[in-house]
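Below is one structure, written out as structure tokens; comments come after it.
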2 protein chains.
Amino acid sequence: MAQTKNFRFEELLDKHHLKKTGARLRVLSMMYSKNTATSQPDLESVMSDIDRVTLYRILNVFEEKGIIHKVFDLNGTANYAVCHADCGENHHHDEHLHFNCTNCKNVYCLDDLHMPRLNLPEGFKADSFTLYASGLCPKCSKKSAATIN
Amino acid sequence: MAQTKNFRFEELLDKHHLKKTGARLRVLSMMYSKNTATSQPDLESVMSDIDRVTLYRILNVFEEKGIIHKVFDLNGTANYAVCHADCGENHHHDEHLHFNCTNCKNVYCLDDLHMPRLNLPEGFKADSFTLYASGLCPKCSKKSAATIN
DNA sequence: ATCTAAATGTAATAATGTTGCATTTATATT
DNA sequence: AATATAAATGCAACATTATTACATTTAGAT
């Protein structure tokens, strides 16, 4: 994928009444260019000129607005991924599989895999579901197969 | 439930070649007496005489041994719950639903709800699954119904 | 061009995770 | 029962992360 058109992100910020700042555009373009979730340390290492508190606040406001959603990996560190479907303000629908690779530590949002219906025990009223899996992602399972065989 | 017999926990520690100390027995009896997961801050507030590093290490060793398993709640804080089934050393099977109540913040392990089979996309090799849901637990949904109606 | 609310940077604090080391304690052995 | 020893604990220290306050800068409206 070539460099994604910036005006797309500018529209996105507009839509949510957020000012179009350099930092926000860069965060958006990084997150949209990857198919894995991004942690704040990831962002910090790439955009070391931006203060980490600013990144922290950008991630927070994006999450509030429903632009990204937060998912915790196996170590409990927060990762953020762009919301694909119909996430709105304070209203997320990340009911898909979050795949956590134990080797490269990447978190993949597998949107095609939707949640199966579940019958909860009497009394429990769920308003959202999230599914986690851990194991090897395609890249890492190829690598390990290569070294073992 | 009356006070659970302590010798049960002593046997458990024995089985894993852990010394039977007061701190460990108290942690076990607290965790077994609840049907929700316990965070370290929970333990600290109840057992303020035990050093927080000790609690940290007790939780770690219990997890290694397969006595308890760790689950992160919606805020990313670690919660621990007793393993019911066949968890062994470094080998957990918590493939059940973790229900996170948005009101009382409790995490319930609903063991009866096992994971449905899933077809992962080509290349992904999963070795464990975990399912999360959030919403209202029985107690809190009753309460909110009472105040609304 | 200028004004204003929003966004950022800086500093500071709180909470949490983690390690090293000295002391204490459970338990195996005599 | 006394004691030797490895394990467990407490304490201090440090690292990392989350969070807030406030002063300065900047995007966007006028």
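A few notes on this one:
- Kirkwood estimate for the protein assembly as shown, i.e. one over the average of 1/r between Cα atoms, Å: 21.4 Å
- For B:Lys125, the aspartates and glutamates whose Cα falls under 19 Å of its own Cα, not counting residues fewer than eight places away in the same chain, are A:Asp73, A:Asp111, A:Asp112, B:Asp94, B:Glu95.
- Surface share of carbon and sulfur [accessible, 1.4 angstrom probe, percent] for the protein assembly as shown: 49 percent
- Length added when fully stretched, B:Thr102-B:Tyr32, from 0.36 nm per residue minus Cα-Cα: 22.9 nm
- Note on B:Leu18 and B:Asp111: the model spin-label points, each 7 Å out from Cα along the C-beta direction, lie 1.7 nm apart.
- Sequence-ordered 3J(HN,Hα) estimates for the range A:117-130 from the Karplus curve with 6.51, -1.76 and 1.60 and θ = phi - 60° stand at 5, 9, 9, 7, x, 2, x, 7, 10, 8, 10, 7, 10, 9 Hz, glycine and proline given as x.
- Built amide H within the under 5 Å cut-off of B:Leu113, gap 5+: B:Leu97
- Distances, shortest first, from the label point of A:Ser29 to those at the same position in the other copies read 6.2 nm; the point lies 7 Å along Cα to C-beta.
- Set of the range B:21-35 residues, backbone N closer than 17 Å to the point 7 Å along the Cα-Cβ line of B:Asn6: B:21-33
- Average partner coverage of A:111-121, which counts Cβ from other chains inside 10 Å: 4
- Label distances, nm, B:Ser48 versus same residue in remaining copies, Cβ-directed 7 Å point: 4.5
- For the residue pairs A:Lys19/A:Lys65; A:Lys34/B:Lys70; B:Lys34/B:Lys105; A:Lys34/A:Lys105; B:Lys105/B:Lys143; A:Lys65/B:Lys70, alpha carbon separations beyond 21 Å are given by A:Lys34/B:Lys70; A:Lys65/B:Lys70.
- Residue-averaged [θ]222 nm for the protein assembly as shown, counting only DSSP H segments that reach four residues, each worth -39500 (n - 2.57): -11000 deg cm²/dmol
- Taking a span of 18 Å or more along the helix axis (Cα atoms) and a mean Kyte-Doolittle hydropathy of at least -0.5 as the rule, the DSSP H helices of chain A that qualify are A:52-65.
- Of the Cα atoms belonging to the range A:6-148, the radius of gyration and Dmax stand at 16.7, 52 Å.
- Convex hull volume per residue for the range B:15-84, taking Cα atoms only, in Å³: 90 Å³
- Across chain B, Cα pairs under 8 Å and at least six residues apart give a relative contact order of 17 percent.
The values are calculated or read from the model by the stated rules, or taken from the named source; none is laboratory data. Being a predicted model, the structure only gives us computed values, none of them experimental. Cβ sites come from the backbone with ideal geometry, for glycine too, and all protein chains shown count toward neighbours. Surface accessibility is based on the protein's heavy atoms, side chains included, excluding ligands, DNA and RNA. Shrake-Rupley method; radii C 1.70, N 1.55, O 1.52, S 1.80 Å.
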